[in-house]
Amino acid sequence: WQLTGVESKQRKAAFVESAAKALGLVNCRALARRAREAARLPAIRHQFDLVVARAVSGTAELIRECRALLREDPSSAMVLYKTPDAVQDEWDAGERAAAKVGWQLQRSDPFELPHGQGTRQFVIARR
C-alpha cells in the first residue's frame, strides 16, 4: 500500500517527507499542493481508496474538491475529522453535496480526546 499526504505548504510537505524517511516509512510521500489542485493532476486523479481530512474546510466543499482524488469504486470513501458542532452546522449542506454526486453521509458517535482536548466526530462520505 501507499500513503500520500497532501499539504498546501511546501514546508509542511517537506517535514512529512523527512519524518517518513526518519521512521523508515518507504511507502509514504507528501505532495506540496492543495487537494483541489492535486485532484486535477492526471497522475493523482482517481488514484486513492481513502481520503482523510482534518478540519480544513466544510463538508460540502471537501466533497466537491476532493472526490476526484478517489477511485471510482464503491469501496472508496472520504473520512472527515471534525468537532461535533462543525458536523451539526455542516450536515445539511454536506448531505446536499453528497447527494449531487450519488453519495451518502454517515457520522460516528462523538468521542472524547485524551487529556481534555475536546470532542471529535467522523463524517464518512461514500458511494
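The values are calculated or read from the model by the stated rules, or taken from the named source; none is laboratory data. Just so we're clear, the structure is a prediction, and the values are computed from it rather than from any experiment. Reconstructed Cβ throughout: ideal geometry from the backbone, glycine too, with neighbour counts over all protein chains shown. Protein only, heavy atoms only, side chains kept; ligands, DNA and RNA dropped before computing areas. Shrake-Rupley method; radii C 1.70, N 1.55, O 1.52, S 1.80 Å.
When the range 83-127 is filtered for residues that are of a type in the set (Asp, Glu) and either assigned to a loop (DSSP other than H, G, I, E, B) or surrounded by 12 or more Cβ atoms within 10 Å (Cβ to Cβ) (or both), the ones remaining, listed by number, are ASP89, GLU90, GLU95, ASP109. What do you reckon, is ALA60 surrounded by 16 or more Cβ atoms within 10 Å (Cβ to Cβ), among the aliphatic types (A, V, I, L, M) and either farther than 25 Å from TRP103 by Cα or under 16 Å from the mean Cα position of the chain (by Cα) (or both)? Yes; evaluated as a whole, the condition is true for this residue.
With (1) of a type outside the set (Lys, Arg); (2) closer than 19 Å to ARG127 by Cβ; (3) not in a strand (DSSP E or B) as the list, and LEU80 as the residue in question, which single condition is left unmet? The one condition LEU80 does not meet is (3). Annotation note: of ALA68, ALA86, ALA99, ALA77, the sole residue that is of a type outside the set (Val, Ile, Thr), out of contact with any helix residue (DSSP H, G or I) (no Cβ under 7 Å at 6 or more places or on another chain) and in contact (Cβ under 8 Å) with a residue 40 or more places away in the chain is ALA77. For beta carbons closer than 9 Å, sequence separation of 6+ or different chains, a first residue in the range 4-24 that is open to solvent by less than 70 Å² (accessible area, probe 1.4 Å) and a second that is among the hydrophobic types (A, V, I, L, M, F, W, C) and part of a loop (DSSP other than H, G, I, E, B), the qualifying pairs are THR4/ILE44; VAL6/ILE44; SER8/VAL56; ALA19/LEU25; ALA20/VAL26. Taking the range 1-38 as the range and being in a loop (DSSP other than H, G, I, E, B) and touching a strand residue (DSSP E or B) at 6+ places or on another chain (Cβ under 9 Å) as the test, the residues that pass are GLN2, SER8, LYS9, LEU25, ASN27, ARG33, ARG34. Determine if the range 40-51 includes at least one residue that is farther than 21 Å from LEU105 by Cα and buried (at least 17 other Cβ atoms within 10 Å of the Cβ). Checked against the condition, which is being farther than 21 Å from LEU105 by Cα and buried (at least 17 other Cβ atoms within 10 Å of the Cβ), the range 40-51 yields at least one hit.
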